[in-house]
Amino acid sequence: MVRRTLGICLLSGLSATTLGQDRSPFDSLVNVWEKRHQVSIRYDPRQTRGLAITEQAGSLDDILKNTLEGSGLSYLRDRIGRIFIFRGAPIDPQLPKGFFADNPTSPASTPAISERQENEAFIAAHANPIQTIGNRGGQGTNATITGYVRDAGSGEPLASASITIEGNSGGVSTDAFGFFTMTVPKGRHALKVSSVGMKEADIQVNVLGNGRIDISIQEAVRSLKAAVVVARKGSNVRGMQMGVEKLSIRAIRQIPAVMGETDILRSLLTLPGVTSVGEGTVGYNVRGGAADQNLLLLNDMTVFNPTHLFGFFSAVDPEVVRGLELYKSAIPEKYGGRLSSIMDVTTRDGNNKKITGTAGIGPLTGKFTAEGPLGKNKKTTFITGGRTTYSNWFLKYLSDASLRKSRVNFGDIILHLGHEISPRDRLYASAYISHDDFRLNADSTYTYQNLNTRLKWRHDFTDKLYLVLSSGIDQYHYSVKGRNNPRDAFDLRFGIRQLNTKADFRYAPDNRHDLSFGLQHISYQIQPGRLLPRNTQSLVTPRTVEDEQAGESSAYVGDQYRASNKLSLQAGFRYTHYRLNGPGKYYRYAPGQPRSDRSVVDSVTYPANQRIQTYQGPEIRISSRYLIDTRTSLKLSFNTLRQYIHMVTNTTAISPTDIWKLSDPYIRPQIGRQLSLGIYTQPGDKELELSLEAYYKTTRNYLDYKSGAKLILNEAIERDVLNTKGKAYGIEALIKKPQGKLNGWLSYTWLRTLLQVDDPIAGEVINGGNYYPANFDKPHIASLVANYRFNQRVSISLTSTYSTGRPVTYPLGVFTMGGSSRVYYSERNAFRIPDFFRTDASMLIENSHNLRKKVHTSWTFGIYNITGRNNPYSVYFVVNDRQIRGYQLSVFASSIPFATLNLKF
Amino acid sequence: MRRRLILLTLLAGTLSGCREDFILPDTQADASVLVVEGDIVVGGGVENLIRLTRLRNLYQPNENPVAGARVDILAGNGTTWPLTERSPGNYASNAILPANQHYTLRITAGGKTYETPSQTPVITPTIDSLTWSQDASNIRIFVHTRDATNQTRQYRWKHIETWESRAWYETYFDFVNGSIVTRPVGDQIYTCWKNASSAAILIGNSRSLDKDVISYQPIAAIAKPSEKVYVRYSILVQQMGITQEAFDFWDILRKNTELTGTLFDPQPSNLPTNIRCTNDPKAKVIGYVSVGTITEKRLFILHSALDGWPNRNQALSCDAFEFSKTQAENFLRNNPSYLPAYFITAGGGFGVAPKGCVDCRLMGGSNLKPLFW
C-alpha cells in the first residue's frame, strides 16, 4: 500500500505538527513560504524551533540553505516538489524499483502496519540507519535472512537471542552458535533483537531478497540512572522448551557460594526440581531421579565427575562459562542416554576484539582466565581458564589429628578454540583436564582425573541447512592407594573412557518448521576395578575385574512446527541400539533361584568383539506449547528415555569409590517415562515471571542392592543387585523477577520419589515388597535467591534453602551381642533426618566502573550459613562405653565468613 | 582397605569438625524378637555358653534375659547335649563335644522353637603369635595366624585382659574392732587383678591374599596412660575360624553400629541369620551360631618394657595423716573411710590414708592371683 512508502512515514510524522503549539519564527516563515511559493514544506517543529531567520532574499532554495546552514538540518525536494526538512543523512525519496512488482494483491496477506507503528518506525529510523538485505529481482514474496547475533563488546556470539518482527507474533531464536535463519516477507520491517543481559536492539531492515545480516548488540551496561530495561519479556512464555532452566553467568555469579567461590552446581540447586542429597556431595537429583541419571555436558564433552574435593567445588570454572541449560522435562531428541536431565554448559568462544583476562584470589582457590583473538586476521579466538587450590593451610587448623597431616590438591584447566575457515565453515576445539589428589594421614592417597577433548566442525550447506560434526574422547579414572601396613599395601583403580561421535543436522525450510536430525555413536570402555600390590612386600593378590566394552548408536529426527501463532508442536523420535561386546566372561545361574555364588551353574567366555547382549528401543519426545494470550502459555510434554550405563553405589551420595557399569545380560537398561504439564505467565507490568509445572515419572530397571552388597572388585555384580521400579511425581512453582534493583527468584517444589522391588528372583524383600522412599526423596524444597543493587558499585545477595530431611533407616531396638549393645534397624528409609535450612549472604563491591580502566577489581564478602544451623547430613549410632549413642554429622556446623578479590583486565 | 576408604571420606565429612549428639524419638521395640548369642564349641577348651535375650527399647540400659527356656545341642549321631540355666538368660554346659560330628542348636522359648542348620565344625588353626608395639599414644596388640591348608580364611577373635593393679600404699595392717592389728600373712590388699572382656567385634579374613595368612591384625589397644600396664598386663586371645556366612553376619553387625558415620555410609543392612523359627516362619531372630574349635594364646606385657609410661595414677590424691597409735585408732574410729597405711618406725606411729589408697579391691578387681600369672 502507498502508506508503506518511506516518504509517507515521514509525512505522517511531519504532518500537522504545528497545531496547538507555540509558533516559532520558523513556523511563521514556513507559513509565508507555503502561501507564496505554492509548495508544501514538511518538517519537525522541534528541530527547527531554535532556528534564527536570516536572509529572506533569493530563491526558496537559497533561503533554505542559508537558514539551515550550521544547524545540522538539510532539505530536499521530491519529484512532485514537496520539501522535506530533516536532520542527518539524506534520504532517497524514490520508491525502490520494482516495489510494486508481481502481484499487487499480495499486500493483503501481510499484516497491516498501523499508524502508531509507523510513528514508532519513524522514530526508530531516525535513531538507527536502515539496513538493506539482499538484492532485488528474486522470485517470490518471501525471502530468507540469516546471520549471527553477537555481543558488540567482545564479538561473542549470543545463543538463544530472540529476533522478532514488530507486529508479528512469530519470531526465531539463535542457536548455540548465535546463528539464526528467518523467512520474512520482502519489504520494510522493524526487527527487535533481545538477549538476556543485553540492550534490546531495534533494527530497521529493508528486505529485498535472501541475504545475510550480522547484528551486534550492546551489553546492558548500567547507566548512572535507574537500571535499563533489558531482556525481552516473554522468553519463558514464548519459548518452545518446557522444563528448561537457563542460567546466564550473571545469574550464577550473584549466588553466594562456599568460601566466596562462585559455583555452577551450587547455583543449579536453587532452581526448582533440583536437589542434592546433602552438602559436600558430588551428584544432584533432578525431579526425584538418581544422581547417575543426569548428564553433564561441557561443550558437548561428557564430564563424569564434575566436582572437586568431594563436591565442594564444581569442576568447571564459571569465568569461562557463557551459560547453562538444564533440560528437565521436554528433553530434545538430539540428547539421550540419561533418564532425568541433561545439563548443557557452554563456554564462551573468546573475545574476538582484543585479548582480555581475569584473575581471582579466594581463601581456598586461585583462578585465572584469558581470552582473545589469535592471528592477524582475527578469525581465530581462544579462551582458557584454570583453577588450583592452596587449601593445605586450612587443614592445619582442623581439630582431628589425622586430618592435619593430610594434603589436598586439585586443579582444572579448560581450553577452547574457535576458527572461521570461511563464512560457511567453522571449526571448534575444546579440551578439559581436572585433577584431584588427597593424601590422608601420609599413607593413603586418593586421586581422580577427568580428561576430555572434542573437535567440532560446522558447515553451512545453504542458508537453511547446516551440519555440525563432532567427535571427542571423554575419560575419567581414579586410584586409591593404601599403605598403612606394608603387607596390605594396595592400589585400587577404576577407569571409564568413551569415544563419542555425532552428526547433527538442522534444517529450517521456513518459519513454520525447524527440523533436526542426526546420528550418534558412543564406544564405551570401562575398567571396573584393578587391585594391585603397591610394593614388593605386599601380599595383596593382584585382582582385575575384566574390562567391559560396548557401543551405543542412536538416530533421531524431530521437528518443531509452528501450527499457528498460538500453537507450536515439537515431535521427535529417537532410536537407540546398544551392543555389549566381548571379550568377557559371564555366569549362568540356576533358573528361578536368586543369583548368588551358590546358584552358579555355568560360565560362558566370549572372545573379543563377539556380541554378548543387545538392547534397543525407541524413544519418543513430544511437547506442545499453546499461547493463551501474549502473557500466558500452556505447555504439555511426554518423553520416553533409555539409559544404558549405570552408576553402582549403595551409599546415599556418590562416593569416591563408586563405579560405572554397562548394561549386560542381567542388568537391563533403565527406561523412563515422563509426562509434564506447565503454565507460564507474566502478569501485570511488574515484570514478574510465574511458572507452575507438574510431572509424573516412572522408571523401570533401576538398581538397588541387597544387604551387605559388595560392590568394589566384584566381578559378578548381578549377584548383589535388585531390580526395582520407581515412580516420582511432583509440582514445581517458580516466581522470578529478572530485572530491577531487587531481582531474583523464589522456587518451591513438592516431590515424592518411591521405589519398589521388582525382581521375582530377588531372594530378599525391602519393606515387605511395598513402595519405599528413595534415598533422595525430599517432599518439600523451597529456595530463595534475592539480589539488591544499592548503587553502581555495591550489591548484596541472599540465598536461602529449606528442604525436608532425607529419608533414613532408624534403629528400633537394642540388643547385646559381642560384648556391646547393638542396634536393630527399621525398614529401609522409614524415617527422616531433621530438616535442612541454610541461608547465605554476600556483598559485592566493585571498585570502579570506568569502562576505560585497564584493570577492574571487585571484592566479595559474605557469610555462608548465616544461621549457623548444623544441618545433619548423616545420622548414625555407635557404641560408646557399652551404650548406644546417636550422633549427627554435619558438613557445616557454624557460619563461615569469606572474602574474595577478583581482577579483570 | 575398607578402613582406609572410610578414613579418606572423613576428610570431607569433618571439615568443620562437627559431630553432635542426636537423640532419637523413643519408639517401642518389638519384644518378641529373640536374640541368640553364642557358638557351639567342640573339642573342649572353652565351655559352651548360649545367651538368650529379647530386643529392648533404645535407651533402656538393662537387658531382658529369657529365663526358663530349653536349649539343647544336637549332634548328628543323635546325641543330645542339654544346656542348663546358670543365671537368667545364660545357658551353659561344660561337656566336651567331639569334633567329628555335625551339630545343630535347638531353642524352645515362649512357645516357639528355633533351630540352626546342621554344620560341620571348623577346625581353627593355632595362633602363630601375639605381638605388640608402642607409639606416642597407644600400645597396640596384634595377632598373627595362618592356615597352611588355606581353608579357614575367616576368623573371629575374643579376648580377656587381666592386669595387675596396686594400691598406693602397701599396708600390713587392718583396723578391726577399734584397734589397729597386723594383717594375717597372705591376706594382702595391695595387689589386685582386674579383668575385662572384649567389647568389639573382632573379625578378619585373608580372602584378598594368596595364602591364608593373617598378619598384624589389630586385636586390642591400650591408650596412654591406662592403668592396665602400670605393673603387668596379660591378654588371652581366643580364635575361632568361621564360615563366610558367619563372617558376613559379624561384618554387617559391626558396620551397622561401629561405623564412624561418614558421608558415604552404606545403608544399614538386614542381618543374615542361621536361626529359624520352625513353628512360626515370620518370627524374627537375631544371631548367628557357628560351630568350631577354639585356639588360644596368651601375651604378657611388663611395665619395664614400656617407654615413658606412668606406673601409677598421678591424679590420685593419697596424702596420709600421721598419728601415734592411740591417735590413729581414735581417728580411724571417727573416720571409717580411712585405713592404716604404714607404720612409722621412728616414733612408732601410723600413717592413715583413704580406703581407696590402701585397698586395691575398691578400685575393682580381686586380690586373688589368677592361676596363669
Quick note on A:SER895, B:SER206, ordering by fewest other C-beta atoms within 10 Å, gives A:SER895, B:SER206
Of B:THR162, B:CYS360, B:ALA200, which is farthest along the charge dipole of chain B in the positive direction, counting Lys and Arg as +1 and Asp and Glu as -1 at C-beta?
B:ALA200
Counting Lys and Arg as +1 and Asp and Glu as -1 over every other residue whose Cβ sits under 9 Å from the Cβ of A:GLN218, the net charge comes to -1
Provide the FRET efficiency to the nearest 0.05 for the A:HIS419-A:HIS513 pair, computing r from the beta carbons and using R0 = 25 Å.
0.20
Förster radius 51 Å - calculated FRET efficiency between A:THR132 and A:LEU374 (Cβ-Cβ, nearest 0.05):
0.95
Have a look at B:ALA328, B:SER234, B:ILE252 and report the one farthest towards the positive end of the charge dipole of the stretch B:174-330, computed about the Cα centre with Cβ charges (Lys/Arg +1, Asp/Glu -1).
B:ILE252
What does the charge dipole of the stretch A:690-819 about its Cα centre add up to, to the nearest 20 debye, if the Cβ of each Lys and Arg holds +1 and the Cβ of each Asp and Glu holds -1?
860
Place a label point 7 angstrom from the Cα of B:ASP210 along the Cα-to-Cβ direction, then list the residues of the stretch A:540-568 whose backbone nitrogen is under 18 Å away.
A:540-544
Please list, in chain and number order, the residues 5+ apart from A:ASP758 or on another chain whose amide H is under 5 Å from its amide H, with Hs placed from the backbone.
A:ASN723, A:THR724, A:LYS725
Summed side-chain charge close to B:MET363 - residues other than B:MET363 whose Cβ falls under 10 Å, Lys, Arg +1, Asp, Glu -1:
+1
Under 10 Å, Cα contacts only: if you run a Gaussian network model on chain B, which one of B:GLY76, B:GLY356, B:GLY178 comes out with the highest mean-square fluctuation?
B:GLY178
The residues B:GLU170, B:GLU115, sorted from fewest to most surrounding Cβ atoms within 10 Å, come out as B:GLU170, B:GLU115
Using the 10 angstrom Cβ neighbour count as an exposure proxy, how do A:HIS308, B:HIS144 rank, fewest first?
B:HIS144, A:HIS308
Phi-derived 3J(HN,Hα) across the stretch A:621-637 with the Karplus relation (6.51, -1.76, 1.60, θ = phi - 60°), rounded Hz, x for Gly and Pro, is 10, 10, 8, 9, 9, 10, 8, 6, 8, 5, 9, 10, 9, 10, 10, 9, 8
What are the ³J(HN,Hα) values, in whole Hz, obtained from phi via the Karplus relation 6.51 cos²θ - 1.76 cosθ + 1.60 with θ = phi - 60°, for each residue of the stretch A:694-700 in sequence order, with x given for Gly and Pro?
10, 8, 9, 10, 10, 10, 10
Short version: ³J(HN,Hα) in whole Hz for each residue of the stretch A:818-824, in order, from phi by Karplus 6.51 cos²θ - 1.76 cosθ + 1.60 (θ = phi - 60°), x for Gly and Pro, what are they?
x, x, 9, 7, 10, 10, 10
If you only keep lysine pairs separated by 8 or more in sequence, or across chains, how many in chain B come under 13 Å at the Cα atoms?
5
Could you sort out which of A:LYS661/A:LYS706; A:LYS334/A:LYS456; A:LYS246/A:LYS635; A:LYS353/A:LYS378; A:LYS334/A:LYS379; A:LYS456/A:LYS502 sit more than 19 Å apart by Cα distance in this structure?
A:LYS334/A:LYS379
Residues whose modelled amide H sits under 5 Å from the amide H of A:PHE313, counting only those 5 or more places away in sequence or on another chain, are A:HIS308
What does the net charge come to around A:HIS477 if you take all other residues with beta carbon closer than 11 Å to its beta carbon, with K and R at +1 and D and E at -1?
+3
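A short reminder: the numbers here are calculations on the coordinates, not readings from a lab. Here the structure is a predicted model, which means the values were calculated and not measured. All Cβ positions, glycine included, derive from the backbone under ideal geometry; neighbour counts span all protein chains shown.
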